[in-house]
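Reviewing the structure listed below.
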Amino acid sequence: MEDKKAILRVENASRLFGSLRAVDGLSFEVYEGEIFGIAGPNGSGKTTLMNIITQVIPPNSGHIFFHDKPIHKMPSHKICHEGIGRTFQNPTVFESLSILDNMIIGSTFGKNHNRLQSNMDKIKEVLDFVNLDKPLDRIAGKLLVNDKKKLMMAIALIAEPSLLILDEPCAGLNISEAKESIELIRKIGEKGITVMLIEHNMQVLMNISDRVMIMDAGKKLCMGPPSHVCTNELVIEKYLGKRTAKGVKDIAES
Amino acid sequence: MLKTTDNNRKLLLFYILMVLSLLALPLFIKNAYIMHLVIMTCVWGVVVNNWNLTLGYGGMFHIAQISLFAVGGYMSGIFINELMISPWLGLLVGGIFAALVSLIIGLPALRVKGIYLILLTYAFHYGIKELTDHFREITGGSMGLVVPRFRMAGVALQNWQLYYVILALLAVSVLLNWMVVRSYIGKALMAIRDSDILANSTGINPYKFKLMTFVMAAFVSGVAGAFYASYLSVIGTEIFSFTLIVNALGMIVIGGMGTLLGPMIGSFIITFFMEIFSGLEDYRPILVGAVIILVLLFAPDGLIQEGNKRWERWKSRGKKKSEELEV
């Protein structure tokens, strides 16, 4: 993986909320085509990190490069045009609009087109890919949580991002839905899209990620392949605990 | 597909009938006062139609529309009086000044939302009112600004002729909004209204689209303001009353926020309601408030949406009955 090209480079990024350092001088790289997992205790700064990468909240200091282009001063919508897509922890869709309109919006603005893009073949292809089998005129707000999450993923995917940031895609899903979601992330990775994945479920993360970064108090605790991370003493002490670490290690090794 | 075509045909027929009835209206209304009320319904129809574009479709909870309408009226009146331009040109002047002022207020105000946007636009509303009071030599202050009426070939137009003028403006306004709502701008607006954070990360610049529609809606409202001033031959500071803001918001809520025809139905109801109960004077706002509360309780999405829901329910019930009979 080391000889791979970095698609995203975060250098010394920090974000403060008052006196709280949510992200504290964090540096790392995400390589092209990998699934990069991020985990850590509640309040460790994972979602803030996603938000400063996508400029939902600008960083107080530091630099972020995407394909070697600085993006830390770019507005959020332009980051999407550069090729970074994202989903949210809570299923967020355009509630009052139909599935079709949600997809048209993703397709039109994701690529910064100035007229409506309603290529039905492409829309159906992406909806098939995420396995959302609902009538196109169904109002998005009336979908169930899992379907909303699929639609949110489809909106991000139809803009053809080269980096997709997923914030806890399995949160709120039952076991079979979570399995389907993991399978979908794997399929996205196979398409050559780089994935950055925040996930609390360490078994999921170790199972699917090429590399994992564990965060604690806004800092990087440990980063590397899953088998390396789950044997790290600091990670076991501060985050996993001995019993979980053993289970996770078995998964990572298998 | 067949069903959609059939529905579209019915809808087209409905619109054609509606346009024909509106065109034929002066033939049936012989009472000058009723004609005046119809004209005022159309004036408020234009204002709330455009307020609805920003509020109902764009989710911008602002209260600047009436002040922008007033800016259009006052600036048109001032230009007509001071520069001796024709009231017809005054329509354009009203629109341009309302658009310019909306740009000035929109640039800072549309960066915030919710209660902050309401407060900022409320401050703007009173700022404009204070300015009209302050420059009373040219605005007429509390006495109002006298504005010449519309004329053609030296003859003042009658109310039935002015009805066609405001009807044309209303038609242009509805058509413009319909086009915006169906275009990528409309999709962006609705996306921003539903979730500006998702819209932003989907590649939409919320600020740009909000400002664009805010200015566009201000231009049309400004033209309506200019028409109002010349039609009534006067525009005064009562235009800034809080009651008027509540009435206009009531028109949108009663008719249906985020629908094209709803606000116009609302403007018809409120305008006639205010006149029917004109004898009650100061108690009228209480009655309007009661009507708004009743609509919010029994038809929270407005009369248009409620009508659609009931129609769909009635149709599905009819379908079920015919299926049962077939069985």
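The values are calculated or read from the model by the stated rules, or taken from the named source; none is laboratory data. Since we're looking at a predicted model, the values are computed, not measured. Ideal geometry is used to build each Cβ from the backbone, glycine not excepted, and the neighbour counts take in all protein chains shown. Note: areas computed on protein heavy atoms with side chains; ligands, DNA, RNA excluded. Shrake-Rupley method; radii C 1.70, N 1.55, O 1.52, S 1.80 Å.
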Measuring with a 1.4 Å probe in the full set of protein chains, what accessible area per residue, in whole Å², belongs to the protein assembly as shown? 47
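Sorted from largest to smallest, which semi-axis lengths in Å does the alpha carbon gyration tensor of region A:91-160 give for its equivalent ellipsoid, taking the root of 5 times each eigenvalue?
18, 12, 11
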Note: B vs A interface, total accessible area buried (1.4 Å probe; ligands, DNA, RNA excluded), nearest 100 Å², is 1900
Taking just the alpha-carbon atoms of chain A, what radius of gyration and Dmax come out, in angstrom? 18.0, 55
For chain A, take the longest principal axis of its alpha carbons; what is the angle in degrees between that and the long axis of helix A:99-110, to the nearest 10 within 0 to 90? 70
Reduced to Cα centres, the span from region B:242-304 to region A:102-119 in Å works out to 37
Beyond 20 Å (Cα-Cα) in this structure, taken from A:LYS78/B:LYS187; A:LYS5/A:LYS150; A:LYS134/B:LYS319; A:LYS124/A:LYS150; A:LYS69/A:LYS149; A:LYS150/A:LYS187, we find A:LYS5/A:LYS150; A:LYS134/B:LYS319; A:LYS69/A:LYS149
Order the peptides A:127-134, B:184-191 from the highest to the lowest mean number of other Cβ atoms within 10 Å of their residues. B:184-191, A:127-134
Antiparallel DSSP beta bridges within chain A, as percent of all bridges there, nearest 5: 55
What are the semi-axes of the equivalent ellipsoid of region B:242-327, taken as the square roots of 5 times the eigenvalues of the Cα gyration tensor, listed largest first and rounded to whole Å? 35, 12, 10
Quotient of Cα radius of gyration and Kirkwood radius for region B:165-225, i.e. Rg/Rh, equals 1.07
Per the Cauchy relation, a quarter of the hull surface: what is the mean projected area of the convex hull of the alpha carbons in the protein assembly as shown, in nm²? 34.3
Please give the charge dipole size of the protein assembly as shown, origin at the Cα centre, charges +1 on K and R Cβ atoms and -1 on D and E Cβ atoms. Round to the nearest 20 debye. 580
Geometric extent, Cα atoms of region B:49-125 - Rg, Dmax (angstrom): 13.7, 42
Give the carbon-plus-sulfur fraction of the accessible surface of the protein assembly as shown in %, rounded to a whole number; probe 1.4 Å, heavy atoms of protein chains only. 61
Selection from B:ILE204, A:ALA156, B:PHE150 lying farthest towards where the dipole of the protein assembly as shown points positive, charges on Cβ: B:PHE150
Tell me, how many Å apart are the Cα centres for region B:42-75 and for region B:157-223? 10
Can you pull the mean other chain C-beta count within 10 Å for peptide B:189-198? 6
Largest first and in whole Å, give the semi-axes of region B:35-240's equivalent ellipsoid, each being the square root of 5 times a Cα gyration tensor eigenvalue. 31, 20, 12
With charges set only on the Cβ (+1 for Lys and Arg, -1 for Asp and Glu), what does the dipole of region A:13-152 come to about its Cα centre, in debye to the nearest 20? 380
Lys/Arg +1, Asp/Glu -1 at C-beta; the protein assembly as shown dipole; positive extreme among A:ALA217, B:SER21, A:ILE7: B:SER21
Drop in accessible area of at least 30 Å² in the complex versus isolated chain, residues of region A:68-97, 1.4 Å probe: A:SER76, A:HIS77, A:CYS80, A:PHE88, A:THR92, A:PHE94, A:SER96, A:LEU97
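Cα gyration tensor of region A:1-141, axes a ≥ b ≥ c as square roots of the eigenvalues: rounded (a/c below 1.5), prolate (a/b > b/c) or oblate?
prolate
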Of the DSSP H helices in chain B, those whose Cα atoms cover at least 18 Å axially and whose Kyte score averages -0.5 or more: B:2-28, B:32-52, B:65-83, B:87-109, B:115-134, B:159-182, B:206-232, B:242-255, B:262-276, B:284-298
